[in-house]
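Contents: one structure, followed by commentary.
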Amino acid sequence: MKKVFVLAIAASAFIVSCQRAASDQSITSAPQEVAAEKGATYTVNKEASNVKWTGYHKGGLNPRFGIMKSDGTLSAENGVITGGSFVIDMNSVLTDAASVDPASSGGKTSADLDLHLKNADFFDVAKYPTAKFEITSVKSFDAATDKSAIADANYVISGNLTIKEKTVNVTFPAKAVVSDTEIALTSKFTINRQDWGLVYGTDGDAKDWMISQEIDIELNIKGNKS
């Protein structure tokens, strides 16, 4: 019976990991010099844009997901993105109620998870109300050498992501459509929360061990020409 239970858990983890294949694994490095924003400026439409996040328990089980809001700008010259800077409102973290079932979470709700994420356990928004992403480089996506889960990806973007007091450069594929009046940018990539020192409790704490280090990020950014 015990073997059957273990096999069932392993099968569940395998199924979930297969479902997560739609997200690109980001590449991280030391912070880089921020790119100059050349050309026309496009201001992020905060109401039409969002940053989606998905976190998991160990093995990719019990996903929790929601959104955050961001302000910022993108720049483009001759129809090509040259730079950009975004400020993420950490107080806007909102867990989707569909991802938290009180019947299986000891009565906890999505609102409880919001408070948990915002307090000193994780983001400590009272002390660090914003996170920041600044583009450091943009290159064309080369289908011969670059791979992406994003259909029709046409850029590889690198940028300094600052969460709390830690800045890490993150590189990921993206798709952007640029016109004379607007920009639409989409991407799906995975980061390791521990790169930013985001741990629950102390290092090695069993509570932290139960949470996957991987967080899936989905960008849906729309900007209007200023």
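Read the figures in this text as sums done on the coordinates, not as results from a lab. Keep in mind it's a predicted model, so treat the numbers as computed, not measured. Quick reminder, even Gly has a Cβ in these numbers, built from the backbone with ideal geometry, and neighbours come from all protein chains shown.
Restricting to DSSP H runs of at least four residues, report the calculated mean residue ellipticity at 222 nm for the chain, -39500 (n - 2.57) per run over all residues, nearest 500 deg cm²/dmol.
-4000 deg cm²/dmol
Think of each Lys and Arg Cβ as +1 and each Asp and Glu Cβ as -1; about the Cα centre, that makes the dipole of the chain roughly 500 debye. For segment 2-225, the share of DSSP beta bridges that are antiparallel, to the nearest 5, is 95%. Under the shape rule built on the C-alpha gyration tensor, where the axes satisfy a ≥ b ≥ c, segment 114-226 is prolate, since a/c reaches at least 1.5 and a/b is greater than b/c. Only one residue of N154, V51, T109 has its Cα farthest out toward the positive end of the dipole of segment 2-225, where Lys and Arg carry +1 and Asp and Glu -1 on Cβ, and that residue is T109. The charge dipole of segment 21-83, taken about its Cα centre with unit charges on the Cβ of Lys, Arg, Asp and Glu (plus for the first two, minus for the last two), comes to roughly 400 debye.
Placing a pseudo-label 7 Å from each Cα along the Cα-to-Cβ vector at T28 and S226 gives an inter-label distance of 3.1 nm. On full extension, the segment bounded by D101 and K207 gains 36.2 nm, given 0.36 nm per residue less the C-alpha separation.
Excluding the site residues themselves, the longest part of the chain lacking any GluC sites (Glu not before Pro) in a DSSP loop with at most 15 other Cβ atoms within 10 Å is 48-164. On full extension, the segment bounded by K166 and N119 gains 15.2 nm, given 0.36 nm per residue less the C-alpha separation. In order along segment 35-51, phi translates into HN-Hα couplings of 6, 5, 8, 8, x, 6, 9, 10, 8, 4, 7, 4, 6, 9, 10, 7, 10 Hz, rounded to whole numbers, per the Karplus curve 6.51 cos²θ - 1.76 cosθ + 1.60 with θ = phi - 60° and x for Gly and Pro. Gain on full extension, evaluated as 0.36 nm per residue between K132 and A151 minus their Cα-Cα distance, stands at 4.2 nm.
Each of I215, A126, I163 was scored by the projection of its Cα onto the charge dipole of the chain, and the greatest displacement toward the positive side belongs to I215; charges sit on the C-beta of Lys, Arg, Asp and Glu.
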